[in-house]
Amino acid sequence: MSEQKQNNQEAQASQDPSFSLQRTYVKDLSLEMPNAPQIFLEQEAPSVEISLNVGGQRLADTVFEATVTATVTTRIQDKVLYLVEATQAGIFEAANIPAEQLDPLLGIVCPTMLYPYLRANIADAINRTSLPALHLAEVNFQSMYEQRIAELSQQQEAGKEDSGIILPPGATRQ
């Protein structure tokens, strides 16, 4: 009887939702200083522009790659001081996750887990230029996700070309 109980517990455990980070890695990292060394003579404070994007793909039935990409462009007047592009990636296992929860998991939770690695890699790359450090601010990936859903909803209502991203069940069109 206890053997049957153990088999039932094992069967139940195999049906429980599970989520784990398997690996993180730098997928892409580049640093350009196209106007060095002349740009070092400039006295004006630089302006900084930061672009952030998330992505991902299914690798296997329960295995996913999620990515967070940042582009940091620092200029003095119209000259580029430095340009850093970095993509931090991670392999995640997500089993028995309801379909309506999978997209938010990959669009919010995974990027939130990867972002500290990306911040550190970008800070390290900039530190190696001998220029003052730049530390990226915290990011609310839930807000970014909700904004993306709202934009997709507007595009679909306006009849624009489909971007390939499907709104999860329960997401309202605004």
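The values are calculated or read from the model by the stated rules, or taken from the named source; none is laboratory data. The structure displayed is predicted, hence computed values, not measured ones. So basically every Cβ, Gly included, is an ideal-geometry build from the backbone, and we count neighbours across all protein chains shown.
Tabulated data for the structure shown
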quantity	calculated
Identity of the residue in the stretch 1-41, modelled with pLDDT of 90 or more and part of a loop (DSSP other than H, G, I, E, B), that ends up farthest from residue 106 (Cα to Cα)	37
The stretch 111-144 - residue that is touching a residue at least 60 places away in the same chain (Cβ under 8 Å) and in contact with a helix residue (DSSP H, G or I) (Cβ under 9 Å, 6 or more places away or on another chain) and, of those, nearest to residue 67 (Cα to Cα)	141
Set 90, 164: member being closer than 17 Å to residue 57 by Cα, modelled with pLDDT of 95 or more and within 22 Å of the chain's Cα centre (by Cα)	90
Selected residue (criterion: nearest to the chain's Cα centre (by Cα)) from residues of the stretch 51-66 that are surrounded by fewer than 16 Cβ atoms within 10 Å (Cβ to Cβ) and farther than 25 Å from residue 135 by Cα	57
Extreme residue, surrounded by the fewest Cβ atoms within 10 Å (Cβ to Cβ), among residues of the stretch 75-98 that are touching a Leu at 6+ places or on another chain (Cβ under 9 Å) and over 21 Å from residue 117 (Cβ atoms)	97
Answer residue from the stretch 117-148, given it is hydroxyl-bearing (Ser, Thr, Tyr) and farther than 28 Å from residue 81 by Cα and is surrounded by the fewest Cβ atoms within 10 Å (Cβ to Cβ) among those	143
